[in-house]
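Structure record follows, encoded as structure tokens.
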Amino acid sequence: MGAPQEGTVERWAWDYVSSTSLAHKLAPPSPPRIWESSPPVRRLEAPGRPAELVVTSRADKTRGLRAPAGRARALHTFLHHELQAAELMAWALLAFPDTPVEFRAGLVRIALDEVRHMRMYAEHIERLGHRVGEFPVRDWFWTRVPTCRDPASFVAVMGLGLESANLEHTTSFAARFRDAGDEEGARVQELVGLEEIAHVRFGVRWFEHFTGGLDFQAWMRALPEPLTPLLMRGRPLRRDARRRAGQPDRFLDELEAW
């Protein structure tokens, strides 16, 4: 599996996933406009990891948000989620080269949104007196998402799954940050949550394109084992935001009851 041609969108995606530079992860160059004419399937097995990020196999807890260190730790976890999401959008661009260019271009746009969210989190971590790399991270997304067998499975996990759940998680953590007196931290969470709606809408649109429609059972079948809806929702559901993203009430009823 060779690297893509220099100066192509595919090479930009390859370099982003593979980079071990924290600066590159936080601020990649602008993607080019040239696509490879007949790209092969390239399924990268793992991302490059900057030396600053210590990867652990155990989840980092996000309790104790009253103290600045607790909020910084939580934001550091969210930053790493955004990093993995950006990398996996680039991964999917390489893994599914036969999809429409419009789909792959959308993956690039979402990846850049995720990168911008990372910088927002990094800036607030610094305002709290901490730095990126101070807390361990877990590459959980990378242990699951690359098992997706096709683009429908990918958008089922990312757009209809993890990013949909983030509609609830950002709302919950915004309230918790505000309760702790951290209005700026709450604002960052709310902005990320607002922008996730478009990412979920992208997932809905392309799941329907690849499968012919969106219903709960079809979505569940598209999730690679052992993933289930349990990790794809928060409590309570942000039904208003999910509806704006195109998820119908019947789908939401079944998700809530699952």
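The values are calculated or read from the model by the stated rules, or taken from the named source; none is laboratory data. Small disclaimer: the values here were computed from a predicted structure and weren't measured. Virtual Cβ from ideal backbone geometry, glycine too; neighbours counted across all protein chains shown. To get the accessible areas, we keep the full protein, side chains included, count just its heavy atoms, and leave off ligands, DNA and RNA. Shrake-Rupley method; radii C 1.70, N 1.55, O 1.52, S 1.80 Å.
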Exercise for review: Inspect all residues belonging to the range 66-89 and state whether any of them is in a loop (DSSP other than H, G, I, E, B), without any contact (Cβ under 8 Å) to a residue 12 or more places away in the chain and not charged (D, E, K, R).
Suggested key: yes
Exercise for review: Sort out which residues of the range 113-133 are within 11 Å of residue 75 (Cβ to Cβ) and either open to solvent by less than 60 Å² (accessible area, probe 1.4 Å) or in a loop (DSSP other than H, G, I, E, B) (or both), and write them in order of number.
Suggested key: 117, 118, 120, 121, 122, 124, 125, 128, 130, 132
Check your understanding: Is it fair to say residue 195 is of a type in the set (D, E, K, R) and closer than 26 Å to residue 147 by Cα?
Key -> no
Review point. Between a first residue in the range 241-255 that is without any contact (Cβ under 8 Å) to a residue 40 or more places away in the chain and over 13 Å from residue 167 (Cα atoms) and a second residue that is open to solvent by less than 40 Å² (accessible area, probe 1.4 Å) and not in a loop (DSSP other than H, G, I, E, B), which pairs have beta carbons less than 7 Å apart while being 6 or more apart in sequence or on different chains?
Key: 251/216; 252/242; 254/216; 255/216; 255/229
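Residue by residue, here is whether (1) among the small types (Gly, Ala, Ser); (2) within 17 Å of residue 66 (Cα to Cα) holds:
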site: 115; (1), (2): no, no
site: 125; (1), (2): no, yes
site: 131; (1), (2): no, no
site: 145; (1), (2): no, no
site: 154; (1), (2): no, no
site: 162; (1), (2): no, no
site: 181; (1), (2): yes, yes
site: 191; (1), (2): no, no
site: 196; (1), (2): no, no
Practice item. State which residue is farthest from residue 190 (Cα to Cα) when the search covers only the range 134-152 and only residues that are among the β-branched types (Val, Ile, Thr) and either open to solvent by 50 Å² or more (accessible area, probe 1.4 Å) or not in a helix (DSSP H, G or I) (or both). Key: 147
Review point. What are the pairs, 6+ residues apart or on separate chains, where a residue within the range 34-54 that is assigned to a loop (DSSP other than H, G, I, E, B) and modelled with pLDDT of 95 or more has its Cβ under 8 Å from a residue that is open to solvent by 90 Å² or more (accessible area, probe 1.4 Å) and among the aliphatic types (A, V, I, L, M)?
Key: 40/1; 42/1; 43/1
Point to revise | Qualifying positions in the range 69-102 - closer than 30 Å to residue 178 by Cβ, open to solvent by 10 Å² or more (accessible area, probe 1.4 Å) and among the polar types (S, T, N, Q) | key: 77
